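Take a look at the structure set out below.
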Amino acid sequence: MSTGFFPVDKIKYEGPDSTNPLAFRHYNPDEIVMGKRMEDHLRFAAAYWHSFAWEGGDPFGGRTFDRPWYPQDNMELAKKKVDIAFEMFTALGVPYYCFHDADVRPEGKNFAENTANLNAIVDLFEQKQAETGIKLLWGTANLFSQARFMSGASTNPDPDVFAYSAATIKTCMDATMRLGGENYVLWGGREGYETLLNTDLSKEDAQMGRMLNMVVEYKHKIGFKGEILVEPKPQEPSKHQYDYDAATVYGFLKRHGLENEVKLNLEQGHAILAGHSFEHEIATAASLGILGSIDMNRNDYQSGWDTDQFPNNVPEVALAYYHILKDGGLKTGGTNFDAKIRRQSTDPADLLHGHIGGMDICARGLKAAAAIIEDGTLDKELADRYAGWNDEKAQKMLKGEYTLEDIQKYVEAEDINPAPKSGKQEYLENVVNRFV
C-alpha cells in the first residue's frame, strides 16, 4: 500500500510538448538510441543519502525538511523510510538505487549493533527488490560522518579505527553481495589531511593501499562479480584528499598493483572541484581503461564547494555521454543521481521534480551524444588530425625503433620544417552545437 507521501504513484513519459510537471518530456525508457533502449544506456539510480538521509541543513542552519521518518535514530522509522524510498524509486521508474550503511540504519551503540541494524534493513531491501524489480547499482560504507573517522578511515593514525573501518567495509560488501549489487564503491572523504604538520604521507599511502587490496581480496573470496569502484574528489571535507582526480587515483592503483582490479566512479561536481570538466575525467578514465560508473549532478559555479545540484546543462551532459558511448557505454555502471534538492525545496513533490528534470536532461544529452557519433564529423576530424602518425617513419619513432640520433639524421636528410596546422576548435564547437 502507498504511504501517501508522494502526490503520484507513477511518472509517465508524455513527450516534449507536455507541460505536466510530474511527467517526463524527454526520458522515454523504451526509445531506441544507437540500437539500444534508452533505459539500458542510462541505467539510472537514485541515491538514498541525498533523498532520504539529508535533512536540509547547511553549515549555517539546521534541518528544513519535515519527513515522516524523522528523527533518524530508531529502526521503526528506518523501516518506514524504506517504504517511502521504494515508492519514489517506483514512481520514477529508475531501475537502480544506491546507499551507504549509515543512510539506511540508525547508529548503534557499537559495531555489532550497527551490523544488526544494517542486516535488518537489508532484509527489507531484499523484499522490496523482489516486489518491484528494482536493483542495487552499488553499496558503500560511510567512513567519514561519525566522529571516529575525523582523522580518516584506512589512513587513520589509530590502528583501531583502521580495523573498525575494515570490518564496516566487510559488512557493507556482504550486504551488497546479498542484494545482487552490480558494483561496490569506496569514497575516502577523510582519506587525506588537514595539515602536513601531523601527517605521515608514506604511512597513510601504505595503509590505504593495504585496505584496498583487502577489499579486492575479499571480493574474490566471496565471488562478488561486480566492479570495485573508487570515487575521486580533491577536497571537502578534507583539505586535501588523496583520491584527487582520475589520473591521481590511477597512479595510486598502479603503485599498489590494483590497476586491473579497480575502476572509477566519477562525479561531475568532484571533477569541477579538481579544476577539470566532467568530460575530461570521463575521457581520462576511459583512456586508462578504468571507467566504471558516474554520479550525475552539477556544482554552482559561483560557490567553491560541492553543491550537488541536479544537472540542467545539456551541452555538458552530452559531452559526458559522448565519451561514455565512445568507451562502449556504461557496463556494470550507471547514472546515479548524487544530487539533492535545495534546502528551501521542502515539499515531497520537489524530490520528484529534481529527478524528473535530471532524467530528462540526461536523456537529451544521451541523444545528442549519439547523434554526434552517428554524424561522424568529429571522428573524421580527429582521424585527419593524427593521420600523419600512420606513416611508416612516424610509427617507427613511436615504437622506439629510432634513437634521437636517427631522428636528427631523418630531419636533416628530409629537410623537415613543419608548418603550424589549425586545430579548428571553433568549427568543432559549432559541430557539437548543431546537436545540443
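Brief remarks on what is shown
- Flag for Arg385 being more than 18 Å from Gly269 (Cβ to Cβ), open to solvent by 30 Å² or more (accessible area, probe 1.4 Å) and in contact with a helix residue (DSSP H, G or I) (Cβ under 7 Å, 6 or more places away or on another chain): no
- Looking across the range 166-216 at every residue that is outside any helix (DSSP H, G or I) and among the aliphatic types (A, V, I, L, M), the one that is surrounded by the most Cβ atoms within 10 Å (Cβ to Cβ) is identified as Val185.
- Hits in the range 232-267 (condition: in a helix (DSSP H, G or I) and open to solvent by less than 10 Å² (accessible area, probe 1.4 Å)): Ala246, Val249, Leu253
- Of all residues in the range 129-161 being open to solvent by 40 Å² or more (accessible area, probe 1.4 Å) and in a helix (DSSP H, G or I), the one that is nearest to Gly334 (Cα to Cα): Thr132
- Counted residues, the range 98-117 - those being under 25 Å from Gly226 (Cα atoms) and not small (Gly, Ala, Ser): 10
- Selection status of Tyr322, aromatic (Phe, Trp, Tyr), in a helix (DSSP H, G or I), farther than 24 Å from Gly189 by Cβ and open to solvent by 10 Å² or more (accessible area, probe 1.4 Å): yes
- All conditions in (1) out of contact with any Leu (no Cβ under 8 Å at 6 or more places or on another chain); (2) assigned to a loop (DSSP other than H, G, I, E, B); (3) open to solvent by 60 Å² or more (accessible area, probe 1.4 Å); (4) touching a residue at least 12 places away in the same chain (Cβ under 8 Å) hold for Pro29, with the sole exception of (3).
- Test: residue in the range 194-201 that is within 14 Å of the chain's Cα centre (by Cα), more than 19 Å from Ala166 (Cβ to Cβ) and among the aliphatic types (A, V, I, L, M): no
- Pairing residues of the range 233-256 that are within 16 Å of Leu201 (Cα to Cα) with residues that are among the basic types (Lys, Arg), at Cβ distances under 6 Å and at least 6 apart in sequence or on separate chains, gives Ser238/Arg190; Gln241/Lys233.
- When the range 221-257 is filtered for residues that are aliphatic (A, V, I, L, M) and over 24 Å from Thr335 (Cα atoms), only Ile222 remains.
- Hey, Asn74 open to solvent by less than 70 Å² (accessible area, probe 1.4 Å), over 16 Å from Ala91 (Cα atoms) and over 27 Å from the mean Cα position of the chain (by Cα) or not: yes
- Within the range 197-222, the set of residues being in contact with a strand residue (DSSP E or B) (Cβ under 9 Å, 6 or more places away or on another chain) and of a type outside the set (Lys, Arg) comprises Thr199, Leu201, Glu204, Met211, Leu212, Val215, Val216.
- Filtered residues of the range 325-338 (kept if open to solvent by less than 30 Å² (accessible area, probe 1.4 Å) and within 13 Å of the chain's Cα centre (by Cα)): Leu330, Gly333, Gly334, Thr335, Asn336, Phe337, Asp338
- Of everything listed in (1) open to solvent by 20 Å² or more (accessible area, probe 1.4 Å); (2) touching a residue at least 24 places away in the same chain (Cβ under 8 Å), the single unmet condition for Ile121 is (1).
- Among the residues here, Leu118 qualifies as more than 22 Å from Ile11 (Cβ to Cβ), of a type in the set (A, V, I, L, M) and out of contact with any Pro (no Cβ under 9 Å at 6 or more places or on another chain).
- Listed by position, the helices (runs of 4 or more DSSP H) enclosed by the range 384-436 that each have at least 2 residues that are more than 24 Å from His323 (Cβ to Cβ) are 392-398, 404-413.
- A Cβ distance below 7 Å, combined with a sequence gap of six or more or placement on separate chains, defines the contacts here; from the range 181-208, residues that are without any contact (Cβ under 8 Å) to a residue 24 or more places away in the chain reach residues that are open to solvent by less than 50 Å² (accessible area, probe 1.4 Å) in the pairs Thr199/Tyr193.
The values are calculated or read from the model by the stated rules, or taken from the named source; none is laboratory data. Bear in mind that the values here come from a model prediction, so they are computed numbers and not experimental data. Virtual Cβ from ideal backbone geometry, glycine too; neighbours counted across all protein chains shown. Each accessible area value is taken on the protein alone, full model and side chains, heavy atoms only, with ligands, DNA and RNA left out. Shrake-Rupley method; radii C 1.70, N 1.55, O 1.52, S 1.80 Å.
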